[in-house]
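Novice: Got a structure for you, written out below as C-alpha cells; questions coming shortly.
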Amino acid sequence: MTAPGKAVDMRALLEQSYRSALEAVAPARLLAPHLTGPRPDFVLAFGKAALPMLRAALEAYPSVPGLAVPPRGTLDLSAPQGAEVLPGSHPVPDKHSVYAAEQALLRVRALPKGSQLLVLVSGGGSALLSAPWGVTLVQKQALTRELLRAGAAIEEINAVRKHLSRVKGGRLAQATRARVRALLISDVIGDNPSVIASGPTVPDPTTFADALAVLDRYGVAAPEARAHLEAGARGELAETPKPGELPHVENVIIGSNRVLLEAAQAFLTAQGVRSVILADTFGGEARDLAGFHASLVGSIRDHGTPFQGPLVLLSGGEATVTVRGAGRGGRNQEFALWLLEDLGERGVYALSAGSDGIDGHSDAAGAFLTPDSLVRARALGLDPRAFLARNDSGTFFAALGDALITGPSGHNLNDYRAIYVM
C-alpha cells in the first residue's frame, strides 16, 4: 500500500476519493443503461438529481415533453428543450413544492390509457413534490421540522408523509392510466423503493395506524395531522395502495450508497491504497456511530483486528442527530466532531460528507479530520464538547478550516465516510 508522506496528501486523497466516486456514479451514467425501453410519452423527474436525470432521458428520447422538480438553489436550473423546471424546497416543503406536485398530478392524470410514463426519482423527492392532504402546508412544514429535530428515521418520517399526501405512498402512480416505468436512485438505508422519496410510484406497506405510532413515539402533538390519521385508521379515508395493487407500474433501483462506496474503493485501489467497505447500512445517532468507528480504529491500531493497517475504512448509510441546540451543521459534521472527541489526541485522517453536497443547516458537504485536529482546535480556543452541546459542528469545522465546501452535487446517495488508519 502506498502511504502518503505529507499531511496534505492524505487529506487531498480522501477528498479525491469522494469527488471521484460521485463522478463515477453521476446520475446520467447510472441512468444510461436503462434508457432502452419503449419511448415514453412524458418524463417526470423529481429529487436532488432531477435535472441531470431528465437531461439524460431527453437525450435518449428527443422531443418528449418532461417536467423536472429539483431543489431550489441547484446550480444549473436551465430546462432541456421541451421540458419545464419547477424548483421546490428541501428538506421542508414550501408553496413551490405544492405547485410542482399539483402540476405533476395534472400531467400524469392527462395521459391516456396505453401511453408510457417514465418517472425518474432521487432523494429529496418527499419535500420537493408535496401535496398536503388533511393538513395545511404550514402544518405539514411544522410537523416535518419537529420529526427531523426529534431524530426520527427517514422510514418513520415517510410513513407519516405518505398518509398526509395525495402523491406519496403510490398515489402518484395510482392517479394515471399510463404504464409507469420508474427508475430510482436510492438515498435510504436498505434501498427499499417504498421509502425513496416516500415511494410515489411504489405500493405502501405502512398504514394510518403506523403513522400515528410514529407521532406517539416522538411525543409529537400535531392535532390536525392526528385527526386526519385517526380518521384514516377508522377506515373513513382511503388507504395508500398496497403491494399487488399497482400492476401497471415497474420500479427499478439504478443507484445506491453501495455503488458510491464501491466507486470510492476502486479509486483508492488505483492509487495503491488498501480499503475496506464496512457497510452501507449504518444508521442511528451520529454520536453512537462515531463511537463505533473510534473503537474500531483503536482495535486496528492496538491489536491489528479485525483488519491490519494501514488502510482506509469506508462506510455509508445515514446517521441521525437529535437536535438540542441551535447551532449550524449536519449529521456528517456532527459525526466527525464526535469522532474527534472520542479519539482525542490519537487522531486520524478522515472525511465525513453528504453525497448531496449539503450537510444539514450549513453550506458544507461535511468535514475533514487530521491527526492534529485537536491540537489545532485547542490552539484556537475551540472546545469540541461545547460545540457538540449546541449542535454547532459546522461552526467548529469552519473555524478550523476543515469544512468541505462543494455546493449541491445534483445527486444523493447517502453519506460518505472515509477514515485512514495507520
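No lab work stands behind these numbers, since they all come straight from the coordinates. Since the model is a prediction, treat every value here as computed from it, not as a measurement. Cβ atoms come from the backbone with ideal geometry, glycine included; neighbour counts cover every protein chain shown.
Novice: Just to check I understand the Karplus step: with θ = phi - 60° and J = 6.51 cos²θ - 1.76 cosθ + 1.60, what whole-Hz values come out for segment 26-38, glycine and proline as x?
Specialist: Per residue, the Karplus-derived 3J(HN,Hα) values read 4, x, 5, 5, 5, 7, 3, x, 9, 9, 10, x, x Hz.
Novice: I want to verify a result. In a Gaussian network model of the chain, Cα cutoff 10 Å, which of these has the top mean-square fluctuation: Asp216, Asp372, Asp204?
Specialist: Taking springs between Cα atoms under 10 Å, the residue moving most is Asp216.
Novice: Also: Given a 10 angstrom Cα cut-off, can you work out which residue in Glu102, Glu236, Glu146 is the most mobile in a GNM of the chain?
Specialist: Highest fluctuation among the options: Glu236.
Novice: Okay, next question. With 5 Å bins from zero, work out the P(r) of segment 26-148 over every alpha carbon pair and list the percent per bin.
Specialist: Here the calculated profile for segment 26-148 is 2, 12, 22, 22, 18, 12, 7, 4, 1.
Novice: I've got another one for you. Beyond 24 Å, how much of the Cα-Cα pair distribution for segment 154-289 remains, as a whole percent?
Specialist: Roughly 43 percent, once rounded to a whole number.
Novice: Using the number of other C-beta atoms within 10 angstrom as an exposure proxy, rank Phe46, Phe387, Phe396, Phe282 with the fewest first.
Specialist: In increasing order of surrounding Cβ atoms, one gets Phe282, Phe387, Phe396, Phe46.
Novice: Relative contact order (percent) for segment 27-255, with alpha-carbon contacts under 8 angstrom and 6 or more residues of separation?
Specialist: About 20 percent, as a whole number.
Novice: How large is ³J(HN,Hα), in whole Hz, for each residue of segment 40-47 in order, when computed from phi with the Karplus curve 6.51 cos²θ - 1.76 cosθ + 1.60 and θ = phi - 60°, using x for Gly and Pro?
Specialist: x, 8, 7, 10, 10, 10, 8, x
Novice: Further, regarding this structure: Karplus couplings for segment 83-95 from phi (6.51 cos²θ - 1.76 cosθ + 1.60, θ = phi - 60°), rounded to Hz, Gly and Pro as x?
Specialist: Taking θ as phi minus 60°, the curve returns 10, 10, 10, 10, x, x, 10, 8, x, 10, x, 9, 4 Hz for segment 83-95.
Novice: For Cα pairs less than 8 Å apart in space and 6+ apart in sequence, what is the mean separation divided by the residue count of segment 186-317, i.e. the relative contact order in percent?
Specialist: 26
Novice: Please list, in chain and number order, the residues 5+ apart from Ala45 or on another chain whose amide H is under 5 Å from its amide H, with Hs placed from the backbone.
Specialist: Those qualifying (amide H under 5 Å, at least 5 residues apart or on another chain) are Leu67, Ala68, Val69, Leu120.
Novice: Okay, next question. Using the Kirkwood radius over C-alpha pairs as Rh, can you work out the diffusion coefficient of the chain via Stokes-Einstein at 25 °C, viscosity 0.890 mPa s, in µm² per second?
Specialist: Translational D for this selection: 111 µm²/s.
Novice: Please name which of Ala197, Ala173, Ala83 has its Cα lying farthest along the dipole of segment 27-255 towards the positive end, using unit charges on Cβ (Lys, Arg +1; Asp, Glu -1) and the Cα centre as origin.
Specialist: Ala83
Novice: Amide H to amide H, which residues 5 or more places from Trp133 or on other chains are under 5 Å from it, using H placed in the peptide plane?
Specialist: Here the answer is Ser165, Arg166, since their amide H atoms fall under 5 Å of that of Trp133.
Novice: Please arrange Val195, Val85, Val276 by counting, for each residue, the other beta carbons lying within 10 Å of its beta carbon, fewest first.
Specialist: Val276, Val85, Val195
Novice: Please state the charge dipole magnitude for segment 216-334, taken about the Cα centre, from unit charges on C-beta atoms (+1 on K and R, -1 on D and E), reported in debye and rounded to the nearest 20.
Specialist: With only Lys, Arg, Asp and Glu charged at Cβ, the dipole is about 500 debye.
Novice: Taking amide hydrogens as modeled 1.01 Å from N in the peptide plane, which residues meet the under 5 Å criterion relative to Ala279, leaving out close sequence neighbours?
Specialist: It is Gly316, by chain and number.
Novice: Excluding Gly410 itself, what net charge comes from residues whose Cβ is under 12 Å from its Cβ, given Lys and Arg +1 and Asp and Glu -1?
Specialist: With Lys, Arg at +1 and Asp, Glu at -1, the neighbours total -1.
Novice: Then there's this: When Rg is the radius of gyration of the Cα atoms in segment 27-255 and Rh is its Kirkwood radius, what does Rg/Rh come to?
Specialist: 0.96
Novice: To the nearest Å, what is the center-to-center distance of segment 109-177 and segment 341-365, using C-alpha atoms only?
Specialist: The two parts, judged by their Cα centres, are 30 Å apart.
Novice: Right, something else. Between segment 1-80 and segment 219-280, what is the separation of their alpha carbon centroids in Å?
Specialist: Cα centres, segment 1-80 to segment 219-280: 19 Å.
Novice: Just give me a number: lysine pairs in segment 27-255, eight or more positions apart or cross-chain, with C-alpha atoms less than 25 Å apart.
Specialist: So the count works out to 14.
Novice: Nearest 20 debye, what's the magnitude of the dipole of the chain about its Cα centre given +1 on Lys and Arg Cβ and -1 on Asp and Glu Cβ?
Specialist: 700
Novice: Between Glu146 and Arg19, what is the spin-label point distance in nm, taking each point 7 Å from the Cα along the Cα→C-beta axis?
Specialist: The answer from the label model is 4.3 nm.
Novice: Relative contact order for the chain: what percent, with Cα pairs under 8 Å and sequence separation of 6 or more?
Specialist: 16
Novice: Assign unit charges at the C-beta atoms only (+1 for Lys and Arg, -1 for Asp and Glu), then state the dipole size of segment 27-255 relative to its Cα centre in Debye, rounded to the nearest 20.
Specialist: In total the dipole reaches around 400 debye.
Novice: While we're here: Given the DSSP H assignment, sum -39500 (n - 2.57) over each helix run of at least 4 residues in the chain and divide by its residue total; what's the result at 222 nm in deg cm²/dmol, nearest 500?
Specialist: Rounded to the nearest 500, it is -12000 deg cm²/dmol.
Novice: Along the charge dipole of the chain, Cβ charges K/R +1 and D/E -1, which of Leu278, His303, Asn412 sits furthest on the positive end?
Specialist: Projecting each Cα onto the dipole axis, the largest value belongs to Asn412.
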